Amino acid sequence: MTKIRWGLLSTANINRALIPAIRASTRGELVAVASRDIAKAEAYAQKWEIPQAFGGYEDMLQSGAVDAVYIGLPNHLHAKWSIEAMQAGVHVLCEKPCATSLEEVDAMIAARRETGMVLAEAFMYRHHPQTKLTGELAHAGRLGEITLVRGAFDFYLPETQRQPDNINVRLVPEYGGGCLWDVGVYPLSFAQFIFGGPPKWVLGTQQIGVSGVDEIFAGQMGYADGKIAQIASSFATPFHTFVEIIGTEGRLHLSKPFVGLDEGRVMTFTPKDGPAEVISVPEKALYLGEVEDMHAAILDGAPNYLTLEETRNHVKTALALYESAKTKSLIQLL
């Protein structure tokens, strides 16, 4: 095998970001798309010039036509279809969060171990040169001892997507909706990347919307030696995103830590003494890294850059934050 044949498990909007990345990669090709409605699958395949269309997810998985799938389904379906894909002998790139319970994550990890298939969580920003460079600067001591990581990811869901006949899946409790699961996990995962693992304790607060999911969520996460991470997410405020890493020797500010990296990157280091410095970042399409990572894992046997241990910790921490917000209490993780 020299090229990975990709299939899209659903016609979700997020596919629009993956399609160019697969086609830009040197070792992948997009060959199929599946929907529960064959007419919808065929129309989608025609629009995006995809050779094959399937009128069922299982039909594509059992066809032998694909080597790997991207799963962009609503959160509550991630575990089910990831497991079914791996059991069918198909590798999986699953959109974040991989699942919304630890039981589901553990079942996915078990399926990966039993089948030998590759399973990875699709946190595209982690594979971008900006994030990797940030990690190098932080872990090499450029900022001194890091004491605080702050981050946010907010955007506004318009009223047109809040109507019962056109409800956005992000607002449906049964589908694993909520701003923490959708965008709050970005700064959450960034903090864990910088601090090297999950926190010792968390404290969360949320504002529940009329749909029954959190539309505003803020959290604080405590690490060893008094180190702190603060995160925020929202469906109810204008678009805003940033990450700031503060250490004893300086501060690093990322104005585009998660999205918009293709249009330009702004990364500023301000030392304890001296002027601010704009750090240049190599250019790379945002979603290409996670696709190439899958190719390396499948074709070369390389370990995935984002480990399943990290994925499990993302879910574990998010669940603890939700429990804290619900009970209005501090939750211990370690």
query: (1) surrounded by fewer than 22 Cβ atoms within 10 Å (Cβ to Cβ); (2) free of Cβ contacts under 8 Å to residues at least 60 places away in the same chain: which one isn't true of L61, the others all being true?
result: (1)
query: Any idea which residue in segment 213-270 is surrounded by the fewest Cβ atoms within 10 Å (Cβ to Cβ), counting only those that are assigned to a strand (DSSP E or B) and of a type in the set (F, W, Y)?
result: F239
query: Could you list, in sequence order, the residues of segment 246-301 that are over 30 Å from T2 (Cα atoms), of a type in the set (K, R) and touching a helix residue (DSSP H, G or I) at 6+ places or on another chain (Cβ under 7 Å)?
result: R265
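So that you can scan it fast, the table gives a plain yes or no per residue for (1) within 21 Å of L137 (Cα to Cα); (2) small (G, A, S); (3) modelled with pLDDT under 95:
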residue	(1), (2), (3)
I194	yes, no, no
G197	yes, yes, no
L203	no, no, no
Q206	no, no, no
E215	no, no, no
A224	yes, yes, yes
A232	no, yes, no
message: more than 30 Å from V66 (Cα to Cα), in contact (Cβ under 8 Å) with a residue 40 or more places away in the chain and either out of contact with any strand residue (DSSP E or B) (no Cβ under 9 Å at 6 or more places or on another chain) or not in a strand (DSSP E or B) (or both): is that true of P275 in this structure?
response: no
query: Which ones in segment 166-180 are assigned to a helix (DSSP H, G or I) and under 16 Å from the mean Cα position of the chain (by Cα)?
result: R170, C179, L180
- request: Would you mind stating whether A43 is surrounded by fewer than 16 Cβ atoms within 10 Å (Cβ to Cβ) and either at pLDDT 95 or above or part of a strand (DSSP E or B) (or both)?
  value: yes
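The values are calculated or read from the model by the stated rules, or taken from the named source; none is laboratory data. Since we're looking at a predicted model, the values are computed, not measured. FYI the Cβ positions are ideal-geometry reconstructions off the backbone, even for glycines, and counts take in every protein chain you see.
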